[in-house]
1. Got a sec? How would D:D193, A:D16, A:D102, B:D106 order by Cβ neighbour count within 10 Å, fewest to most?
2. Counting alpha carbon pairs within less than 8 Å and at least 6 residues apart, what relative contact order, in whole percent, applies to chain B?
3. If you take the beta carbon distance between A:D150 and A:V228 as r and set R0 to 25 Å, what does 1/(1 + (r/R0)^6) give as a FRET efficiency, to the nearest 0.05?
4. With each label point set 7 Å from Cα along the Cα-Cβ vector, what nm distance links C:T216 and D:D211?
5. Just B:V113, B:V228, B:V104 to compare: in a GNM of chain B, with alpha carbon springs under 10 Å, which one fluctuates most?
6. Okay, helix-only estimate at 222 nm for chain D: each DSSP H run of n ≥ 4 adds -39500 (n - 2.57), divide by all residues, round to 500 deg cm²/dmol; what do you get?
7. Mind checking the mean number of beta-carbon atoms from other chains within 10 Å of the Cβ atoms in B:142-149?
8. Kindly put B:S166, D:S86 in sequence by how many other C-beta atoms sit within 10 Å of each C-beta, fewest to most.
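Since every read-out is calculated from the coordinates, none of them should be taken as a lab result. From a predicted model like this one, the values you see are computed outputs, not experimental measurements. Because the Cβ atoms are built from the backbone with ideal geometry, glycine has one as well, and the counts that use them run over all protein chains shown.
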4 protein chains.
Amino acid sequence: MDEFDIEVHADPDLEDPVLIEGLPGVGHVGKLAVEHLLEEFDGELVRRLYSEHFPPQVTVEDGRTTLACVEFYAVEVDGRDVLVLSGDHQAGDGVGHYRLTDRVLDVAGEFGVERAFALGGVPTGELIEEYAVLGAATTDDLVEELEACDVEFREDEPAGGIVGVSGLLLGLGERRGLPVGCLMGETSGYLVDPRSARAVLEVLQELLDFDVDYATLEERAEEMEEVVKKIQEMEQGPTPSDEDLRYIG
Amino acid sequence: MDEFDIEVHADPDLEDPVLIEGLPGVGHVGKLAVEHLLEEFDGELVRRLYSEHFPPQVTVEDGRTTLACVEFYAVEVDGRDVLVLSGDHQAGDGVGHYRLTDRVLDVAGEFGVERAFALGGVPTGELIEEYAVLGAATTDDLVEELEACDVEFREDEPAGGIVGVSGLLLGLGERRGLPVGCLMGETSGYLVDPRSARAVLEVLQELLDFDVDYATLEERAEEMEEVVKKIQEMEQGPTPSDEDLRYIG
Amino acid sequence: MDEFDIEVHADPDLEDPVLIEGLPGVGHVGKLAVEHLLEEFDGELVRRLYSEHFPPQVTVEDGRTTLACVEFYAVEVDGRDVLVLSGDHQAGDGVGHYRLTDRVLDVAGEFGVERAFALGGVPTGELIEEYAVLGAATTDDLVEELEACDVEFREDEPAGGIVGVSGLLLGLGERRGLPVGCLMGETSGYLVDPRSARAVLEVLQELLDFDVDYATLEERAEEMEEVVKKIQEMEQGPTPSDEDLRYIG
Amino acid sequence: MDEFDIEVHADPDLEDPVLIEGLPGVGHVGKLAVEHLLEEFDGELVRRLYSEHFPPQVTVEDGRTTLACVEFYAVEVDGRDVLVLSGDHQAGDGVGHYRLTDRVLDVAGEFGVERAFALGGVPTGELIEEYAVLGAATTDDLVEELEACDVEFREDEPAGGIVGVSGLLLGLGERRGLPVGCLMGETSGYLVDPRSARAVLEVLQELLDFDVDYATLEERAEEMEEVVKKIQEMEQGPTPSDEDLRYIG
């Protein structure tokens with residue numbers, strides 16, 4: 001295998017496609033968001049990208065193994081062409097991140113991508129009530145456009161900048177003249193967060209003008225709430241049941 | 001030395017050989033299994049593979065040093081040609097794992113290998129009574145074949161996928177069109193586990209139709225049991241001997 | 001992107017320029033010092049250097065992202081041409097440090113740099129009263145010249161040598177025949193230290209014969225003093241106020 | 001700078017020279033041993049080897065900086081030509097160790113080196129009374145020769161094999177057909193150990209038939225003993241002085 005190996009699965013003509021990236025990261029917000037798009041809209045696998053910068057690993061499903069990779073899907077979202085980047089891995093080292101993102105931008109170039117959005121989460125350290133979405137972009141125009149969709153821009157946030165493939169999509173995309181925006185859903189940082197993914201998708205929906213149903217994402221959010229509740233109960237110890245309280249009452 | 005250096009020791013003609021890999025890993029299950037095959041059947045060293053991705057290290061035996069390497073042996077197992085990959089090392093970094101496995105597959109190609117089995121252990125976190133063998137494979141045919149030999153396929157196991165050379169034999173092997181299966185003996189993960197190695201070999205025996213004696217492996221298993229017993233005693237403090245109990249009785 | 005990518009922003013003719021490096025390090029002494037020069041004198045961005053050896057990261061300011069980089073500015077300091085190297089990053093690995101410093105020296109060569117000074121801090125482990133500046137240089141002449149400006153040379157200091165880009169500017173600069181001096185302001189090592197940066201600049205001022213105002217640096221120093229005071233109070237617990245003491249008095 | 005850069009300082013003709021390596025390691029045994037040879041016999045710097053695999057660092061002495069490197073000296077030891085490899089650094093990564101050792105063997109080849117000895121320490125975990133020297137070698141002849149000089153060969157020692165440049169001198173030297181022996185002085189592993197270095201030199205003295213004075217090494221050993229004594233006192237708390245004991249007596 002070469003440093004990067006790109007398998008071509010299909011080569012559809014896409015009209016002014018937008019690239020949407022959602023690789024694993026804080027709260028798996030970006031990953032959940034693009035997985036939801038792939039579930040709700042018809043998509044076609046167009047490229048699979050392997051790299052020796054990914055972990056030396058296969059995943060196993062129903063006994064069958066799959067080598068670490070990321071995948072590009074061509075998805076028609078309410079009549080608009082979208083190129084979705086999805087996967088379970090980022091690069092294992094800094095140099096790998098740069099080179100991986102360069103390959104991603106090469107593929108985007110092949111399909112004539114003219115704008116890109118990197119989706120992710122930004123950790124707040126506490127459970128979230130109101131899911132704000134923070135933004136960043138490579139051009140002032142895009143900053144304004146995001147602001148118009150209620151994306152928040154706060155001074156000195158995110159504090160450590162934006163790292164990994166999302167960060168470099170912005171950094172290397174700008175150097176190629178590609179306008180790239182980043183949507184970061186606030187999330188505690190402790191748990192997989194489908195509700196933060198929904199907040200990010202709601203912004204994207206307005207930006208790209210499409211309609212999507214959130215029922216399955218909401219289900220996953222409720223499952224996570226159950227998990228959170230159980231953890232909180234375990235931390236507080238047993239609480240008296242109604243039975244126990246009757247006598248006192 | 002180059003990044004990889006392959007010493008040719010012999011070049012026998014092998015008939016439809018199967019590659020069997022057993023490098024160090026969880027419980028040293030794979031390593032113990034292939035070492036047992038090398039002890040029980042006549043084998044010939046055919047290749048030695050050195051790499052700057054191995055630790056910068058020599059081992060010492062009887063005062064003589066050996067540079068870190070892995071070795072290929074041509075072994076005739078009850079009339080069937082087997083190419084065994086054995087050694088004390090895996091690569092020291094992710095990129096090295098990819099490149100090392102590619103070289104291993106190159107050597108396998110030179111000998112006309114048509115199928116491969118990666119042997120290893122899967123950690124359970126507790127001492128094992130019944131040694132199950134979990135499986136994974138690159139083709140549905142091979143999954144079925146393993147199932148027929150009582151190999152178990154469980155949902156979401158192994159949880160973290162399969163890593164290292166074993167994982168990449170599957171991942172990179174599939175990309176070359178080589179059918180590869182993985183046999184993972186359950187093992188506590190705390191100790192070298194000859195009994196798990198035996199469980200794996202018993203599956204292999206059925207798959208490849210050979211007969212092997214387990215006396216020496218059983219001996220090593222009993223030695224390990226002694227070790228476990230001593231550790232348990234140390235943890236529980238002194239227990240009264242029969243002598244001590246007589247009076248009470 | 002290549003391993004290193006150098007953007008040309010301007011190509012002014014500089015007369016016998018001196019290179020002054022101040023990348024992040026102990027107490028951010030070097031970085032504060034060169035930032036102060038850039039604030040106080042007119043400068044022009046001449047080169048921006050990107051590298052896959054920098055962290056895979058963009059910083060965000062007013063919603064706009066900037067890819068990790070270091071920058072060269074041509075600055076006229078009281079009639080003398082200075083090439084200032086400033087930025088938020090050093091390389092992420094040892095090999096990267098060597099290659100990054102080589103590129104920095106290439107750029108210095110393009111501008112005809114004939115001398116260089118690396119600015120930094122040396123940690124003392126305790127709060128500083130008198131800010132001494134320690135020195136090191138690639139030639140005896142430069143050692144003498146620094147000594148004449150009250151730079152201190154102490155046996156076995158700095159204990160661990162000089163690391164990172166500053167260290168390699170000296171090491172690789174010497175191999176190219178470029179005289180390089182290093183000015184290291186003493187600093188506790190716990191805090192960003194504008195006063196140590198001032199001490200370093202005062203030496204540089206004498207060496208290169210220029211005048212600079214320290215008002216803004218002094219402001220930052222006072223802000224840091226407030227921070228230190230608050231930390232000390234928190235450590236000591238509440239102290240009685242004057243009010244509380246009146247009765248006793 | 002290239003990955004490796006070898007400065008030629010002199011090119012004397014050496015007669016059947018022996019390479020003696022003593023880079024930093026356990027107890028600095030090898031380093032102390034070769035430094036003692038360089039002090040006691042006339043030597044000439046012949047090569048200086050720089051590498052981006054060394055730490056990105058300069059050392060400072062009397063204000064003058066030196067880039068991380070290792071050095072080869074041609075030394076005449078009682079009429080016998082010896083090539084000594086000395087320095088303050090090993091490579092910072094595994095791949096670097098392999099490549100560095102290859103370059104060392106290239107230089108050895110240029111001078112016609114026909115045998116090499118790697119000097120080092122082997123940690124015992126406790127303070128040593130009798131300084132044994134353990135051995136390892138690439139040929140049976142050399143094992144015998146070392147045994148004749150009271151070098152000990154123990155089963156399963158050193159337990160983890162021999163790592164770093166010393167280990168690879170044996171491993172890569174053997175692959176080039178160069179006979180290489182390793183002399184490992186027992187040492188606690190906690191402290192710089194001049195007495196272990198002496199034990200190693202005494203074996204070398206017999207092997208290569210030369211005479212050397214140990215006065216300065218003995219001085220350093222006594223200094224270390226003072227350090228050990230002070231540490232032991234600090235651990236035990238104050239012991240009663242003779243004065244205090246008089247009354248009891």
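1. A:D16, B:D106, A:D102, D:D193
2. Reported relative contact order: 22 percent.
3. That gives a FRET efficiency of 0.45.
4. Output for this residue pair reads 7.3 nm.
5. Highest fluctuation of the listed residues: B:V228.
6. Value at 222 nm, helices only: -12000 deg cm²/dmol.
7. Mean partner shielding for this stretch: 1.
8. Sorted ascending by nearby Cβ count, the order is D:S86, B:S166.
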